[in-house]
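**Student:** Sharing a structure below in structure tokens format, with a few things to ask.
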Amino acid sequence: MGNLNNQPASQPEATDPVLEVRNINKNFPGVVANDSISFNLKKGEVLAFLGENGAGKSTLMNILYGLYQPDQGEILLNGRSVHFNGPHDAIAAGIGMVHQHFMLVPTLTVAENIILGNEGSNGIAKLNLRQANRRIRDLSRQYGLALDPMALVGDLSVGMQQRVEIVKAFFRNANILILDEPTAVLTPQEADELVIIMRNLTAQGKSIIFISHKLREVLAIADRVEVLRLGKIVGKVEDVSAATEASLAALMVGRTVVLRVNKGEAHPKDVVLTVNNLRALDDRGVMNLNGATFQVRAGEVVGIAGVEGNGQTELVEVMTGLRQAQGGEIFLENKQLNGETPRECTEAGIGYVPQDRQRFGLVLGYGVDINLVLSSYYRQPFTKGLMINTKAIDRYAQGLVKKFDIRTPNVETQAGKLSGGNQQKAVVAREFSRDNKLLIAVQPTRGLDVGSIEFIHQNIISQRDAGVAVLLVSSELDEIMSLSDRIAVIYKGQILAVVENKARTDEEYEALRNELGLLMAGAVKEAVAG
């Protein structure tokens, strides 16, 4: 996030808490999600929550927003005990929530999205857009959000769409704002702008609960930090200025975590993947991939950096047989790929970790064992004539579960019952254990905690060092910079620049990060430092 780590966080305006949570407990069958959790939130401060996947953060936020009911415990707003039967009660009490995946209708205007479901509130008659527009402009000016109420949401950048969600919360008179992974899809510059917005909000007395896996952001934004592990608060940081990324990571997982991959020098060999002037339509029939050209060699990681929606999805789907190209060429070694099916792409030596593990990576109703052989169940030793060899599958699955630390009661457990991190490990285990020529990894660590991220990053580098050509597609610029040997920036379906990612000092690292962020926003430079 630029150099914001060196700037002071916002200062609380009052010592009396606006929100108190006392001894909250929440159990699900066989799982203690929240165990006697207590904390408070002061007026005008940013309180960050950190924790591994499954630590209980989402459950706790869902309780605060009225989506879940606690089994025990008490919530107090301004010293008064409250009970929420649903989100409507939480909103009425002054709590707003901006979810990681925005709840917006792209074909409606900013104003229409903001008043949707709230048409009769705030003294505004149903669909009185003129009055709504006036209030939205006033809120935008008040909090420094710069929104045009008449703009179509579908025409806005991701960062501007996030502003719509924030204004929507304040349109409903929120005094407490819960931000769930708010920078997951932002460019570094947009993330920096969000920091400024959050400071404007707290300066005017708003209180923010901030959830993020990005430790540098927590250090830049938060006044205090609460750390969850296995449903309990296991650590607090009252003075964030004295904390480091390493100290926060250690609090989260209970051990030292390697945050920047020590990957060593790459030794690339022959070109494995060649993409020439590739074009493809998106689901709306728009040419969203519009002439992408690049190469990946054996034994290197090439990262595709870019804000989501700039052709990455179409690029990957064409290469994996899920979408038809409208022009251009793809070569895997000397073999041209031309309309192959997904199985034919797999047979050609392409491993694929998809962006959405639940929709495209796993069959959630199948056991972990079956999911681990989805791309090879029809081969020996998993088949015996026309019969499935269940014993061979079981042995294979047991080995991968141990090797990749997939935490599951047993290999027959349905994949849909695993945590998100363990679902991702199952996909990674299956794809990384094949004899790949090319490995395509798309958002491989999205929504994962630092421990799982460390594990998957190490395995990506292991693939590279084994001579596999790795194509990494991620909207996380720090992930791209940490893992990639070369970085290709994609914007509006084209590769704007390819950068050699050599070892750098901290100052050089930040300079390159800023340069790449500008490229991701479409600011074309004549050259980027190699």
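**Student:** Taking only pairs six or more apart or across chains, which ones have beta-carbon atoms under 6 Å, a first residue in segment 373-394 that is in contact (Cβ under 8 Å) with a residue 24 or more places away in the chain, and a second residue that is of a type in the set (A, V, I, L, M, F, W, C) and part of a loop (DSSP other than H, G, I, E, B)?
**Tutor:** Filtered contacts from segment 373-394: Val373/Phe382; Ile393/Val373; Ile393/Phe382.
**Student:** Out of all the residues in segment 426-444, is one or more charged (D, E, K, R) and part of a helix (DSSP H, G or I)? Full working, then the answer.
**Tutor:** To start, the set of residues in segment 426-444 that are charged (D, E, K, R) comprises 430-431, 434-435, 437.
Next, only the ones that are part of a helix (DSSP H, G or I) stay: 430-431.
Yes: one or more hits.
**Student:** If you take the residues in segment 69-111 that are part of a strand (DSSP E or B) and touching a Phe, Trp or Tyr at 6+ places or on another chain (Cβ under 8 Å), which one is farthest from Gln162 (Cα to Cα)?
**Tutor:** Let us first name the residues in segment 69-111 that are part of a strand (DSSP E or B), namely 72-77, 80-82, 95-98, 109.
Within this subset, residues satisfying the condition of being touching a Phe, Trp or Tyr at 6+ places or on another chain (Cβ under 8 Å) are 75, 95-97.
Numbers: Ile75: 28, Ile95: 17, Gly96: 13, Met97: 11 Å.
For segment 69-111, the residue satisfying everything is Ile75.
**Student:** State which residue pairs qualify: first residue farther than 30 Å from Phe28 by Cα and inside segment 225-250, second residue at pLDDT 90 or above and surrounded by 17 or more Cβ atoms within 10 Å (Cβ to Cβ) in any location, beta carbons under 6 Å apart, and separation of 6 or more residues or different chains.
**Tutor:** Matching pairs, first to second residue: Glu238/Arg224; Val240/Ala222; Ala243/Val237.
**Student:** Any residue at all in segment 500-507 that's β-branched (Val, Ile, Thr), surrounded by fewer than 17 Cβ atoms within 10 Å (Cβ to Cβ) and either out of contact with any strand residue (DSSP E or B) (no Cβ under 9 Å at 6 or more places or on another chain) or part of a helix (DSSP H, G or I) (or both)? Walk me through how you get there before you give the answer.
**Tutor:** Narrowing segment 500-507 to residues β-branched (Val, Ile, Thr): 505.
Remaining after also requiring surrounded by fewer than 17 Cβ atoms within 10 Å (Cβ to Cβ): 505.
After this cut, where a residue has to be either out of contact with any strand residue (DSSP E or B) (no Cβ under 9 Å at 6 or more places or on another chain) or part of a helix (DSSP H, G or I) (or both) as well, the list is 505.
Checked against the condition, which is being β-branched (Val, Ile, Thr), surrounded by fewer than 17 Cβ atoms within 10 Å (Cβ to Cβ) and either out of contact with any strand residue (DSSP E or B) (no Cβ under 9 Å at 6 or more places or on another chain) or part of a helix (DSSP H, G or I) (or both), segment 500-507 yields at least one hit.
**Student:** Here is a follow-up. Does Gly365 fit the bill of being in contact with a helix residue (DSSP H, G or I) (Cβ under 9 Å, 6 or more places away or on another chain), outside any helix (DSSP H, G or I) and surrounded by 16 or more Cβ atoms within 10 Å (Cβ to Cβ)? Don't jump to the end; show me each part of the working.
**Tutor:** Details: in contact with a helix residue (DSSP H, G or I) (Cβ under 9 Å, 6 or more places away or on another chain): yes; outside any helix (DSSP H, G or I): yes; surrounded by 16 or more Cβ atoms within 10 Å (Cβ to Cβ): no.
Spelling it out, it is not the case that Gly365 is in contact with a helix residue (DSSP H, G or I) (Cβ under 9 Å, 6 or more places away or on another chain), outside any helix (DSSP H, G or I) and surrounded by 16 or more Cβ atoms within 10 Å (Cβ to Cβ).
**Student:** Right, another one. In segment 270-283, what count of residues is obtained for those that are assigned to a loop (DSSP other than H, G, I, E, B) and at pLDDT 95 or above?
**Tutor:** At the first step, the residues of segment 270-283 found to be assigned to a loop (DSSP other than H, G, I, E, B) are 270, 282-283.
Adding the requirement that they be at pLDDT 95 or above leaves 270.
Residues flagged as assigned to a loop (DSSP other than H, G, I, E, B) and at pLDDT 95 or above within segment 270-283 amount to 1.
Okay, residues lined up against (1) at pLDDT 90 or above; (2) among the small types (Gly, Ala, Ser); (3) in contact with a strand residue (DSSP E or B) (Cβ under 8 Å, 6 or more places away or on another chain):
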| site | (1), (2), (3) |
| --- | --- |
| Glu300 | yes, no, yes |
| Arg323 | yes, no, yes |
| Gln336 | yes, no, yes |
| Thr346 | yes, no, yes |
| Gln355 | no, no, yes |
| Val363 | yes, no, no |
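**Student:** If you don't mind, there's one more thing I want to ask. Could you identify the single residue in Leu518, Leu512, Leu496 that is modelled with pLDDT of 90 or more and either part of a strand (DSSP E or B) or not small (Gly, Ala, Ser) (or both)?
**Tutor:** Details: Leu518 fails: modelled with pLDDT of 90 or more; Leu512 fails: modelled with pLDDT of 90 or more.
Going through Leu518, Leu512, Leu496 in turn, the sole match is Leu496.
**Student:** Another one. Would you check if there is a residue in segment 329-338 being of a type in the set (Asp, Glu) and surrounded by fewer than 20 Cβ atoms within 10 Å (Cβ to Cβ)?
**Tutor:** Checked against the condition, which is being of a type in the set (Asp, Glu) and surrounded by fewer than 20 Cβ atoms within 10 Å (Cβ to Cβ), segment 329-338 yields at least one hit.
**Student:** Which of the residues belonging to segment 20-36 are at pLDDT 95 or above and among the hydrophobic types (A, V, I, L, M, F, W, C)?
**Tutor:** Val21, Ile24
**Student:** If you go through segment 129-147 one residue at a time, how many are part of a loop (DSSP other than H, G, I, E, B) and crowded, with 19+ Cβ neighbours inside 10 Å?
**Tutor:** 2
**Student:** Of all residues in segment 323-369, count the ones that are free of Cβ contacts under 8 Å to residues at least 60 places away in the same chain, out of contact with any Cys (no Cβ under 9 Å at 6 or more places or on another chain) and among the hydrophobic types (A, V, I, L, M, F, W, C).
**Tutor:** 8
**Student:** Looking at segment 379-424, which of its residues are loosely packed, with under 15 Cβ neighbours inside 10 Å, assigned to a loop (DSSP other than H, G, I, E, B) and modelled with pLDDT of 90 or more?
**Tutor:** Those that are loosely packed, with under 15 Cβ neighbours inside 10 Å, assigned to a loop (DSSP other than H, G, I, E, B) and modelled with pLDDT of 90 or more: Pro381, Asn410, Glu412.
**Student:** Restricting attention to segment 154-184, and to residues there that are among the β-branched types (Val, Ile, Thr) and surrounded by 21 or more Cβ atoms within 10 Å (Cβ to Cβ), which single residue is nearest to Glu20 (Cα to Cα)?
**Tutor:** Step one: of segment 154-184, the residues among the β-branched types (Val, Ile, Thr) are 158, 164, 166-167, 176, 178, 183.
Adding the requirement that they be surrounded by 21 or more Cβ atoms within 10 Å (Cβ to Cβ) leaves 164, 166-167, 176, 178, 183.
Working: Val164: 28, Ile166: 23, Val167: 25, Ile176: 12, Ile178: 14, Thr183: 26 Å.
Of everything passing the filter in segment 154-184, Ile176 is nearest to Glu20 (Cα to Cα).
The values are calculated or read from the model by the stated rules, or taken from the named source; none is laboratory data. None of the values given here were measured: they were computed from a predicted structure. All Cβ positions, even for glycine, are placed from backbone atoms using ideal geometry, and neighbour counts span all protein chains on display.
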